[in-house]
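Dropping the structure in here first, questions after.
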Amino acid sequence: MSTTSNQVFTPMISVTIGNPLHVAKRFHQSDTMNFWKAPVVTYDYVKKMSEQPSPDVYLVDVREPDEVAQGSIPSSVSIPLSGLGPSLSLPDIEFEDKHGFKKPGKDQEFVVYCRSGKRSATASDEAKQRGYTNVKNYSGSWLDWVAKEQENQKKNNWADED
């Protein structure tokens, strides 16, 4: 027995993702963690740091050793991003034994840079998560440094020719 109908069968799919309030709370928590961004410093700020190093301020290169071998900003110290978090969690003496310089204090100025600014942003977050309160990001990083240093060199060469 066959009947003809104009009804169309549409399957219903139901997806349950959990308690909506719980999901919203999880989203809100992770969303708020992403609101913090380290203050950004400029080439001029870092240039002064490199010309007048201070034991109270750290300029930290978070590039990998093979990148650092190609050059680095004067007066910077190297802690690769791959080991930054664990290193900042070390006791002071172990940190100094591993890196050859004193571990920065939690409220000490701490400026990070990398090649282009992406890893330095991650590094500033790593430091912040470990309780460092005075972290700054040189977002232009190594590429900006090299470009500005070359510009300055050209200006100096032109000034010498006059």
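Report the full-extension gain for the segment Gln52 to Asn156: residue separation times 0.36 nm, less the Cα-Cα distance, to one decimal in nm.
Gain in length upon complete extension: 35.4 nm.
Return the distance in nm (one decimal) between the two label points of a simple spin-label model at Arg130 and Ala147, each offset 7 Å from Cα along Cα→Cβ.
For Arg130 paired with Ala147, the spin-label model returns 3.0 nm.
Here's a follow-up. Using a simple charge model, +1 on the beta-carbon of Lys and Arg, -1 on the beta-carbon of Asp and Glu, nothing else, what dipole does segment 47-103 show about its Cα centre, in debye to the nearest 20?
It works out to roughly 200 debye.
When a/c reaches 1.5 or more, the comparison of a/b and b/c decides; with that in mind, is segment 52-95 rounded, prolate or oblate per its Cα gyration tensor?
Oblate is the answer for segment 52-95, as a/c is 1.5 or above yet b/c matches or exceeds a/b.
Give, to the nearest whole percent, the P(r) tail of segment 63-128 beyond 18 angstrom, counting all Cα pairs.
Tail of the P(r) past 18 Å holds 34 percent of the pairs.
Laboratory data are not the source of any read-out in this text; all were calculated from the coordinates shown. Nothing here was measured: the structure is a model prediction, and the numbers come from that model. All Cβ positions, glycine included, derive from the backbone under ideal geometry; neighbour counts span all protein chains shown.
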